[in-house]
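*Asks:* Just dropping this structure here.
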Amino acid sequence: MPQRSQHSFDVAVVGGGIIGLAVAWRAQQHGMRVVLLEREPTVACGATHAAAGMLAPVSEAHVAEPELLALGLESAARYPAFVEQLARESALEAGFLACGTLRVARDRDEAEALDRERQVRERLGLPVERLLPTAARRREPALAPTIRLALEFADDHAVDPRALSAALADAFARAGGELRTGADVAALAVAGDRVTGVALAGGETIDADQVVVAAGAWTEQLGGLPAGARVPVRPVKGQILRLRDPAGPGLLTRVLRMDPGYLVPRGDGRYVLGATMEERGYETDVTAGGVFELLRDAIELVPGLSELVIEEQEAGLRPGTPDNAPALGPGALRGLHWAAGHHRNGILLAPITADLLLQSLTGEPLHPLAAPFAPDRFTTTTKEVAA
């Protein structure tokens, strides 16, 4: 059961998306007194609510981002244990689906590009299988007969971020953590060279020995930090559709990736189709053009998709840093920790982020995989800030 409300904590986590929830749960498990502060009436209302939930480090691998690939592979490897432990500590299902992923080419040019993608992954030692059209359609009969080539990534799976976040919130509360929704953090409280807590928009101050910033696309709106101690995070808009098959599950069993989108099954007849990538600030309108492009590309590959019911359409805001990689670990002020800027990888990186931030909060050396994502690549040193 949750602790009674108090005003002083070991850790205050700012942001109740998937990252903030995972970090708060891990810290509370470790015996810290943790408060999780979410500005909206419920948790996971931002990027987590819109996310499709692909766990796809191999199918999304970019040779120019080896550090991010390594981090994603490690986090994906930790996912089974992560959700198994969550199942023991929460009464809710986490929504993990071991389904694999297909990446499909529609024409000759896309097939040639896909073959190059295969060669890159093989050189990196990543598991991938090349499928001719007949073989691909045997595995997914709903695919259009016009496809030219496919790659199968058997180890790239999916999770329902909404179910996962609900399970995390439940586990956090059961562990004794305090979850406060409608708690809009206006600023971090700073004294000298350290963070001492947070100030809410309503005037309340919450004291905390350590503060984790996991505020997603709204990170830049947090006040209180000196310019040299901030991590720059911008919103990146993504439009997405949620579909339902009246006939039930079975149209598609694997995640389907295409240029430029994806189709993710939930395993129960529901599918998530996304997503656009737009630099439009905090604007979250769903546009006719965005919806048309998503449906056009998907129906070309899976014609049966045209019979599905559109249950929901929305636009979420991904949190992007200047290099579109996350900031993980201790910040430029004592007591300040960052778990921000995950861009398109927040769901995938939740387990590794939670583990790394626990190391940061306890003062342990961070796993070597975290080194390229140190927040100080954007910030000045503590001495420079204090000066």
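*Asks:* Would you check which residues across segment 226-285 are over 15 Å from Ala142 (Cβ atoms) and β-branched (Val, Ile, Thr) and list them?
*Replies:* Selection gives Val231, Val233, Val236, Ile240, Val272, Thr276, Thr284.
*Asks:* Can you pull out the residues in segment 267-289 that are buried (at least 20 other Cβ atoms within 10 Å of the Cβ) and either assigned to a loop (DSSP other than H, G, I, E, B) or of a type in the set (D, E, K, R) (or both)?
*Replies:* At the first step, the residues of segment 267-289 found to be buried (at least 20 other Cβ atoms within 10 Å of the Cβ) are 271-276.
Ala275, Thr276, listed by residue number.
*Asks:* Here is a further query. Restricting attention to segment 126-135, report how many residues are in contact with an Asp or Glu (Cβ under 8 Å, 6 or more places away or on another chain) and either in contact (Cβ under 8 Å) with a residue 24 or more places away in the chain or of a type in the set (Gly, Ala, Ser) (or both). If you could, list the steps in order and put the result at the bottom.
*Replies:* Step one: of segment 126-135, the residues in contact with an Asp or Glu (Cβ under 8 Å, 6 or more places away or on another chain) are 127-131.
If we keep only those that are either in contact (Cβ under 8 Å) with a residue 24 or more places away in the chain or of a type in the set (Gly, Ala, Ser) (or both) as well, we get 127-129, 131.
Of the residues in segment 126-135, 4 are in contact with an Asp or Glu (Cβ under 8 Å, 6 or more places away or on another chain) and either in contact (Cβ under 8 Å) with a residue 24 or more places away in the chain or of a type in the set (Gly, Ala, Ser) (or both).
*Asks:* Another question about this same structure. Name every residue in segment 345-366 that is touching a residue at least 60 places away in the same chain (Cβ under 8 Å) and assigned to a loop (DSSP other than H, G, I, E, B), in order of residue number. Break it down into steps so the answer makes sense when it comes.
*Replies:* Going residue by residue through segment 345-366, those that are touching a residue at least 60 places away in the same chain (Cβ under 8 Å) are 345-355, 357-358, 361-362.
Scanning segment 345-366 gives Asn345, Gly346, Ile347, Leu348, Leu349.
*Asks:* Here's another thing I want to ask about it. Could you please find all residues in segment 220-239 being farther than 16 Å from Ala340 by Cα and of a type in the set (S, T, N, Q)?
*Replies:* The answer is Gln239, and nothing else.
*Asks:* Please state which of the following conditions Val195 fails to meet, knowing it meets all the rest: (1) outside the structural domain of Arg116 (by TED's automatic domain parsing); (2) assigned to a strand (DSSP E or B); (3) surrounded by fewer than 19 Cβ atoms within 10 Å (Cβ to Cβ).
*Replies:* For Val195, the exception is condition (3).
*Asks:* Check every one of the strands (runs of 3 or more DSSP E) wholly within segment 134-185 and list those with 3 or more residues that are closer than 19 Å to Ala98 by Cβ. Give the derivation first.
*Replies:* Details: elements: 149-153, 157-159, 178-181.
Passing ranges, in order: 149-153, 157-159.
*Asks:* In this structure, does Gly238 turn out to be touching a residue at least 60 places away in the same chain (Cβ under 8 Å), small (Gly, Ala, Ser) and either surrounded by 20 or more Cβ atoms within 10 Å (Cβ to Cβ) or outside the structural domain of Leu295 (by TED's automatic domain parsing) (or both)?
*Replies:* Numbers: touching a residue at least 60 places away in the same chain (Cβ under 8 Å): yes; small (Gly, Ala, Ser): yes; either surrounded by 20 or more Cβ atoms within 10 Å (Cβ to Cβ) or outside the structural domain of Leu295 (by TED's automatic domain parsing) (or both): yes.
When the stated conditions are applied, Gly238 passes them.
The values are calculated or read from the model by the stated rules, or taken from the named source; none is laboratory data. Being a predicted model, the structure only gives us computed values, none of them experimental. Backbone-built Cβ (ideal geometry, glycine too); neighbour counts: all protein chains shown.
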